[in-house]
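The values are calculated or read from the model by the stated rules, or taken from the named source; none is laboratory data. Fair warning: this is a prediction, and the values are worked out from it, not measured in the lab. So basically every Cβ, Gly included, is an ideal-geometry build from the backbone, and we count neighbours across all protein chains shown. Ligands, DNA and RNA are stripped out before the accessible areas are found, and what is left, the full protein with its side chains, is counted by its heavy atoms. Shrake-Rupley method; radii C 1.70, N 1.55, O 1.52, S 1.80 Å.
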Amino acid sequence: MPFLEKISHHLSSLVVKKEKSLYDLFHTLGYEPQYDDFTYKKSKWTESQRELIDKITLVSTSGEFYVFWVRMKREHLIRTAERTIIHKLTGEFPYNMIIFSNQSDTEWDFVNVKLAVNKESEDNKESRKRQIFRRIRISETERLRTATERISKIKVPEESISELELQKRHDEAFDVEQVTTAFFEEFKTVFNRFKSHLIDLTGDSKWAHNYTLQFMNRLIFVYFIQKKRWLGNDPEFVKSYWQTYQQSHQPADSFVSKWLKVLFFEAFNKKFSHPSWLSAEYQSVLQMAPYLNGGLFKEIRKLDDVYSIQISDDIFAGVFNFLQSYNFTITEDSPLDVEVAVDPEMIGKIYETMTFVEGDVNKAHDNGIVYTP
């Protein structure tokens with residue numbers, strides 16, 4: 001089995017095979033197994049610290065680099081509790097990765113702690129280091145593309161390296177900016193393909209660009225909404241909705257023009273019309289959809305109603321498959337505590353970099369946009 005497939009397999013098995021998959025994962029990554037029950041170390045901890053933990057296990061090592069697994073007593077992982085444990089372990093073992101699971105091992109956080117130097121201020125010339133926590137979440141509802149790609153990068157090389165060099169590899173692997181950049185580069189390819197389809201249908205390049213930009217931002221926003229479980233408590237609403245359409249025997253190439261139109265312009269605006277072709281289940285879900293009092297889902301006459309076209313299912317599938325391969329986070333990150341996933345700021349980045357004045361070819365090319373006058 002290829003290396004990346006092995007990593008993905010071990011990660012996908014975590015919530016089922018649990019600790020066996022964790023040990024297999026780090027064995028595949030080249031770390032020495034330890035299987036050391038670390039519970040006795042808790043005697044040095046405060047009572048409030050011990051109350052957070054079910055058990056601590058030293059899973060693997062590479063020289064003086066340590067991989068710990070901490071099973072928490074709660075059913076949901078909480079960042080503040082994790083930070084308490086991280087501070088304690090890092091004080092004794094400065095080179096490490098700490099992996100947390102909830103009580104039932106259905107949620108996992110792989111945590112990297114990077115030390116960064118604060119910039120000197122005029123009042124304080126002394127440089128101080130601060131800890132930046134970066135997390136990759138594994139659960140039944142999280143996709144594994146980013147986790148697989150990033151965790152594969154912490155493989156121990158065949159040649160001997162120091163603990164500091166291995167720590168640097170971990171810091172690089174958990175770089176959120178690299179995930180953001182990868183998402184945006186792929187986004188531009190998907191964007192241009194969708195836009196080209198609209199140009200083929202209408203011959204209107206300017207409208208095609210503007211429509212594609214608005215459509216993509218609307219759909220990405222839905223991915224954040226479903227993460228909040230605001231659409232039928234379904235964290236995979238878009239996938240379920242798309243699959244229901246495919247099995248519904250409705251006319252082909254009508255998902256965007258009918259199904260998404262109802263979601264965007266009716267459900268999110270409290271104007272739901274209960275179309276007869278929609279199942280009772282989805283009528284109920286869309287009836288209860290949140291009212292989004294903003295401009296993103298407002299039907300724009302000069303944009304949404306200019307052309308009567310049928311956007312093909314194949315073209316939409318390309319957008320869907322792209323978005324389905326990434327994790328989206330709604331956690332309110334701070335500069336010192338972030339999740340390695342696509343966050344809501346991406347919508348602003350897309351608007352800022354993909355919007356351009358008609359005819360500004362140089363700016364379009366700088367952003368990787370295929371512009372056709």
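Is the shape of the range 1-98 rounded, prolate or oblate, going by the alpha carbon gyration tensor and its root eigenvalues a ≥ b ≥ c, with a/c under 1.5 for rounded and a/b larger than b/c for prolate? Note, shape of the range 1-98 comes out prolate. Dipole of the range 221-310 computed with +1 at Lys/Arg Cβ and -1 at Asp/Glu Cβ about the Cα centre; of L303, Q247, W277, farthest Cα towards the positive end is L303.
Charge tally around T244: other residues with Cβ under 15 Å, Lys/Arg +1 each, Asp/Glu -1 each, net -2.
The phi-based Karplus calculation (6.51 cos²θ - 1.76 cosθ + 1.60; θ = phi - 60°) puts the 3J(HN,Hα) values of the range 14-30 at 4, 6, 10, 8, 6, 5, 4, 5, 5, 5, 4, 4, 6, 5, 4, 7, x Hz, whole numbers, x for Gly and Pro. Here T244 sits with roughly 40 square angstrom of accessible surface, probe radius 1.4 Å. Near the amide H of K55, within less than 5 Å, lie the amide hydrogens of R71, all on another chain or at least 5 residues away, with H placed in the peptide plane. What the chain shows is 49 Å² of accessible area per residue, with the surface traced by a 1.4 Å probe over protein heavy atoms.
What does a probe at E51 reach in the range 76-108, counting residues whose amide N is under 14 Å from the point 7 Å along Cα→Cβ? In the range 76-108, the label zone of E51 (backbone N under 14 Å from the point 7 Å along Cα→Cβ) covers 81. Computed about the Cα centre, the dipole magnitude for the range 203-343 is approximately 480 debye when only Lys and Arg (+1) and Asp and Glu (-1) carry charge, each at its Cβ.
Taking trypsin sites (Lys or Arg not before Pro) across the range 236-283, the ones in a DSSP loop with at most 13 further Cβ atoms lying within 10 angstrom of their Cβ are K270, K271.
From the cross-link list K73/K129; K195/K228; K6/K153; K44/K73; K88/K114, which pairs have alpha carbons spaced over 21 Å apart? In this structure, K73/K129; K195/K228 exceed 21 Å between Cα atoms. The GluC sites (Glu not before Pro) of the range 2-58 meeting both criteria, a DSSP state outside H, G, I, E and B (loop) and at most 13 other C-beta atoms within 10 angstrom of the site's C-beta, are E51. Residues whose amide H lies under 5 Å from that of D36, counting only those 5 or more places away or on a different chain, are L58; hydrogens are built 1.01 Å from N in the peptide plane. Each DSSP beta bridge with both residues in the chain is either parallel or antiparallel, and the antiparallel ones are about 75%. Here the 3J(HN,Hα) profile of the range 212-224, calculated from phi with Karplus coefficients 6.51, -1.76 and 1.60 at θ = phi - 60°, is 4, 4, 5, 4, 5, 5, 4, 5, 4, 4, 4, 5, 6 Hz, Gly and Pro shown as x. Springs between Cα atoms under 10 Å define the GNM used for the chain, and in it the highest mean-square fluctuation of Y223, Y326, Y307 occurs at Y307.
Using the Karplus relation 6.51 cos²θ - 1.76 cosθ + 1.60 with θ = phi - 60°, the per-residue 3J(HN,Hα) values for the range 327-339 come to 8, 10, 10, 10, 5, 7, 6, 10, x, 9, 8, 9, 9 Hz, with x marking Gly and Pro. Rounded is the label for the range 240-335. Its Cα gyration tensor axes, ordered a ≥ b ≥ c, give a/c under 1.5.
Atom-type composition of the exposed protein surface of the chain places 48 percent of the accessible area on carbon and sulfur (1.4 angstrom probe). With contacts taken as Cα pairs under 8 Å and at least 6 residues apart, the chain reaches a relative contact order of 15 percent. In this structure the amide hydrogen of T106, modeled in the peptide plane, comes within under 5 Å of no amide hydrogen from residues 5 or more places off or on another chain. Determine the distance separating the Cα centre of the range 139-157 from the Cα centre of the range 205-254; give it in Å without decimals. That distance is 26 Å.
For the range 235-347, relative contact order (Cα pairs under 8 Å, six or more residues apart, normalised by length) works out to 24 percent. What does the charge count near Q178 come to, summing +1 for each Lys or Arg and -1 for each Asp or Glu among other residues with Cβ under 12 Å from its Cβ? Residues near Q178 contribute -3 overall.
Entry note, the chain: the mean residue ellipticity at 222 nm calculated from DSSP H runs of n ≥ 4, each adding -39500 (n - 2.57), is -13000 deg cm²/dmol after division by the residues and rounding to the nearest 500.
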